[in-house]
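Remarks on the structure that follows.
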Amino acid sequence: MKKTMMKRQTSGQALIITSLVIAMLLLSTTYYVFEIKRSASREEATTDFTLNMIKQATINTMISALANFTNGGERSSLAIDLSRLSSNIEDHFYKGQCLIQFTPLNASPYRDGTWISWEDNGSGISSADASSTVNFSDSTATYYSEFETILTTRLLLESAYLTNGTEKNVNVTCTLYNENEPALANDIVITYQNETDGPWITVDSSNNPDTVDYGNGTYLLSFNVDMQSFLRVSANVHDMRDILVIANTTSMEV
């Protein structure tokens, strides 16, 4: 009788110990998987943060280069500035190794990563485009990423005038965009030509100018001029990033 009870107790203890071992194995496996996921999440978050910082630095560098070029600088400034950015990041990357290659777009209408179209059809474009490849590596992993950065300041220009005796009351509408989103202007300079091959005249206080800012990237400028048979209008606009864009159009009588 005692032997039977001892056997039952021994079997029961074995079952309990076996259950505890299985439970511990399950907990260990669950914890391991959790740690792996948490570690991967930390690494992914770190990588995303680093990549976002590089993307923002790329945008800032390209804005500076495009502003420089549109205001009379060299076209090559984009490639030079991106090369300098690449060297600075590689030299100061402390979490491992980071290699970056920037390639300014060389496909029509871009040349050396820049495109300027300041035409007589009422539209002006100042743009920069560059692709990037980024390689991160540290003691535990390697990451690779590609991205393209396109910056475009676009101006739409419309003009119409009313005849009032020998004077013309001219209205000019400027609509500005950054990356196809409405953008604010830092300054607008309007010039006009009121005779064939005549000089371009800047609108100033003598023209009694008036400006309405609609707050959404659209501006209405009104002024008076003496003109002959036609009127050409040009708008030189700097956006808030100091990128210059120019558009020209012929004013129509209404």
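A quick yes/no check of all residues on (1) surrounded by fewer than 14 Cβ atoms within 10 Å (Cβ to Cβ); (2) assigned to a helix (DSSP H, G or I):
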| site | (1), (2) |
| --- | --- |
| LEU82 | no, yes |
| GLN101 | yes, no |
| ILE116 | no, no |
| THR133 | yes, no |
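Among all residues of segment 220-229, there is none that is touching a Leu at 6+ places or on another chain (Cβ under 8 Å), surrounded by fewer than 19 Cβ atoms within 10 Å (Cβ to Cβ), hydroxyl-bearing (Ser, Thr, Tyr) and not assigned by TED's automatic domain parsing to the domain that holds ALA128.
Here is a yes/no grid of residues against (1) of a type in the set (S, T, N, Q); (2) at pLDDT below 95; (3) assigned to a loop (DSSP other than H, G, I, E, B):
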{"residue": "TYR31", "(1), (2), (3)": "no, yes, no"}
{"residue": "SER39", "(1), (2), (3)": "yes, yes, no"}
{"residue": "THR50", "(1), (2), (3)": "yes, yes, no"}
{"residue": "MET62", "(1), (2), (3)": "no, no, no"}
{"residue": "GLU90", "(1), (2), (3)": "no, yes, no"}
{"residue": "TYR94", "(1), (2), (3)": "no, yes, yes"}
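Taken together, the criteria exclude VAL189 from residues that are aliphatic (A, V, I, L, M), surrounded by 18 or more Cβ atoms within 10 Å (Cβ to Cβ) and over 15 Å from MET240 (Cβ atoms). Going residue by residue through segment 68-84, is there one that turns out to be farther than 30 Å from ALA141 by Cα, at pLDDT 85 or above, among the aliphatic types (A, V, I, L, M) and touching a helix residue (DSSP H, G or I) at 6+ places or on another chain (Cβ under 7 Å)? For segment 68-84, residues farther than 30 Å from ALA141 by Cα, at pLDDT 85 or above, among the aliphatic types (A, V, I, L, M) and touching a helix residue (DSSP H, G or I) at 6+ places or on another chain (Cβ under 7 Å): present. Across segment 190-204, the number of residues qualifying as touching a residue at least 12 places away in the same chain (Cβ under 8 Å) and more than 16 Å from SER251 (Cα to Cα) comes to 0.
The set of residues in segment 165-184 that are free of Cβ contacts under 8 Å to residues at least 60 places away in the same chain and under 16 Å from MET252 (Cβ atoms) comprises ASN169, ASN171, THR173. Scanning segment 167-212 for residues that are farther than 17 Å from ASN236 by Cβ, out of contact with any Gly (no Cβ under 9 Å at 6 or more places or on another chain) and either among the acidic types (Asp, Glu) or not in a strand (DSSP E or B) (or both) gives GLU167, GLU179, ASN180, ASN194, GLU195, THR196, ASP197, GLY198, SER205, SER206, ASN208, ASP210. In segment 104-130, the residues that are under 16 Å from SER77 (Cβ atoms) and touching a residue at least 24 places away in the same chain (Cβ under 8 Å) reach residues that are charged (D, E, K, R) and surrounded by fewer than 13 Cβ atoms within 10 Å (Cβ to Cβ) with C-beta atoms within less than 8 angstrom, at least six apart or across chains, in these pairs: ASP129/GLU148; ALA130/GLU148.
The values are calculated or read from the model by the stated rules, or taken from the named source; none is laboratory data. The structure displayed is predicted, hence computed values, not measured ones. No Cβ is skipped: glycine too gets one built from the backbone with ideal geometry, and neighbour counts run over all protein chains shown.
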